1. Inside segment A:114-130, can you point out the residues that are buried (at least 19 other Cβ atoms within 10 Å of the Cβ) and at pLDDT below 95?
2. Residue by residue through segment A:415-439, note down the ones that are assigned to a loop (DSSP other than H, G, I, E, B), out of contact with any helix residue (DSSP H, G or I) (no Cβ under 8 Å at 6 or more places or on another chain) and within 14 Å of chain B (Cβ to nearest Cβ).
3. Considering segment B:315-357 alone, what residues qualify as being closer than 13 Å to residue B:389 by Cβ, surrounded by fewer than 23 Cβ atoms within 10 Å (Cβ to Cβ) and touching a strand residue (DSSP E or B) at 6+ places or on another chain (Cβ under 8 Å)?
4. Of the numbered conditions (1) modelled with pLDDT of 95 or more; (2) in a loop (DSSP other than H, G, I, E, B), residue A:406 fails exactly one; give the number of that condition.
5. Looking at (1) farther than 15 Å from residue B:88 by Cα; (2) more than 23 Å from the chain's Cα centre (by Cα), which is the one condition that is false for residue B:203?
6. For segment A:256-267, give me each residue that is touching a residue at least 60 places away in the same chain (Cβ under 8 Å) and either at the interface with another protein chain (Cβ under 7 Å from one of its Cβ atoms) or crowded, with 24+ Cβ neighbours inside 10 Å (or both).
7. With the requirement that a residue be over 30 Å from residue B:340 (Cβ atoms) and facing chain B (nearest Cβ under 10 Å), what does segment A:276-311 give you?
8. In segment B:196-217, which residues are more than 13 Å from chain A (Cβ to nearest Cβ) and part of a strand (DSSP E or B)?
């Protein structure tokens, strides 16, 4: 298919600018539905959010299947329905490539009393920022997709690709039911998907857009140590027994060096060496590590250069100790000898580390430490959960189209970034479609996803809508 | 005053046996008042409990002063009245010595759903055990005092000492208001108190009574370490900064050796050496350290002999790590880098350690460790609270009378014990009266004070009443 003329881009962008107040109003409608997937009492709101989105999609001519996602078993034993998943289809032209779009309709919990300046489920605009739970994670991006399609339709543009949509409403609580639903439709709905675009992360900074081609994996561990059948009073029993907390803090103290180096033997053996090409990527990225340090008010960073810090966050493993379950964790003082304590830590993994290998190294090391300790207490290690790291080919047409779209809207090439965290859907979609997955974020690093006063800048919401429309047009290249 | 004839003891004991069902019924009345001092909503019940007790005392001819204890400021900012304190006086014969009796009328919280087999605020008798919150801590002993006096009156016995009573209703929440009230009455109500008897602890075992002459003190510390302005996502930020948890677990791991030895230099310097006389006390005590180990289902004890374990619990310092505030402490997994963590530990102290000296040694050691660590994070140590250890003269007439009373009731000499924990009122009363304080427990080690299914054995409740009556009669020696 020939390249779309610049004029078409201009018309589309102008139309988006002209309709921006309407788009913000639609986002306001979506934010008013408190679709908190982690709160079973909000399940009807989740269903309402799914149905609201279905209606918006159908108004654009998208054919929508409502996929029942099964049941959820709550901690109290109750069983409730998972919110349904939306599978959408727009265009079935066999001559065109097919792009899958993923997004989620659920949000993190939010209460004004948590420290919000405004009602979290009411969009409030202030100084060009659209505040409200879900504004950036992930209702804003989902609605940007809907508006991008709407304007392309309005302008009578022949979208150069077929589109598929997967919108779920359980992402914030582990996407329960999604993988099974996708797997069940691997050979029909997912068949012929040539590439996937996910808008569910953030720019590295506040100004420059990026495309994301890698994520770290995770291996999460529990170390259990117990010394008695129940908690004991430290006055009455102090001096009687070897206490579990002493063993546990010692074990945890042996995991890393002060400079962050993981002390587990051979843990770095399978980490891919840094190539010269890769080094260049980090050199070119717009990132000020001193500003980053100041933003989080850290007293010091583990590395002294931009490139080293980015690599430490994205392409080297790291180990964090998260906390201890079973010990006293409240404010004030309690004179307790905790009888059973569970230390929790995780390792962020990178290619070519596998959970199987990492589990083995971690457990071997901890067993050796425990033998060295010589404590009579009971000890156990649990490999609690894991996820693979993900890195994809950023020279794929998917990324080329994304980059050109960004250049058109922002006048700059994107940075190519990875993320330190995990977005398991990327791996799942890559595996099930067998094709390229790209992360195309439209929100900025200071959007406060999951936190109080979540927002998306109005300009990013609108420019993001343009970027998504432009990305679809740029894919004319591949049809 | 001549010794009381054995016949009198027999008459008193027989009367107590004859009235035991009435005594249990009175205890049942007291337990039905949920005087939970830690729950502001239960404050009226605390007041009711105080007034119920006042009435019982007045029925015996005890002259009672109701001492207003002032106000309590709650965490939510509300200010409510503390429950009043009862000061009782029975006898003002200048030729007699004066004994002060202390007890408390409030209880720990209790809910059936916590794991009680019966309603906690309803006395239920089963297999000779009287279950209910407060049965052993401390309503049972207070009511044993009331019945002891009641029977002495009934039998027309001239009590050989004057009696003073201090019954408070805030003991379980730090005796707020008590010390000030006592201090205000140091020169009137407390004047001329020659000795004090406190029944608010427990036998070492289940069968043999004891008298308690020592308690350990406490020095409680917080170590704060912070690495950033707020919690960070371990995926996004892992590998960026030296994490506070790593520093903290390392510091905590340096506090003790596996065998419980405290690694703080000079911490043992001021511990009183064990004398040969003292060794003998431990040798004679009825205590099976292997049974003790099995009771708490510990995998191992820090020492291998009875004497060493008792000394470790009572007359040597011990250090326990209680927990960490600010880190993840819930079940399941959270991928957080805690920004500020507070490690909590305490040292049980013994004569002649003082909080001032211990604070200095602890802070010096931690500062040295921190310098050795070389972390760029922020660190701070707080000496959170402290209390002095207490040891008294167990050859005092107070103890001699207690011992003879026990011999009369149980046919055995008591064990002379210390406790590992603190009962600050002992130190306060010793200081304000300038005289001997004795702990005379009537409950057994398995009474589950503060825990679910608190109980007192019917036999101990009744034999305890006899012991208290006999103790008063034995004090004829000193008048």
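1. A:116
2. Taking segment A:415-439 first, the residues assigned to a loop (DSSP other than H, G, I, E, B) are A:420-423, A:434-435.
Checking the rest, the ones that are also out of contact with any helix residue (DSSP H, G or I) (no Cβ under 8 Å at 6 or more places or on another chain) come to A:423, A:434-435.
Hit for segment A:415-439 is A:423, nothing else.
3. Answer for segment B:315-357, where residues must be closer than 13 Å to residue B:389 by Cβ, surrounded by fewer than 23 Cβ atoms within 10 Å (Cβ to Cβ) and touching a strand residue (DSSP E or B) at 6+ places or on another chain (Cβ under 8 Å): B:315, B:351, B:355.
4. For residue A:406, the failing item is (2).
5. (2)
6. A:256
7. Hits for segment A:276-311: nothing passes.
8. Within segment B:196-217, B:196, B:197, B:198, B:210, B:211, B:213 qualify.
The values are calculated or read from the model by the stated rules, or taken from the named source; none is laboratory data. Computed from a predicted model, the values in this text were never measured in an experiment. Every residue, glycine as well, gets a Cβ built from its backbone with ideal geometry; the counts of neighbours run over all protein chains shown.
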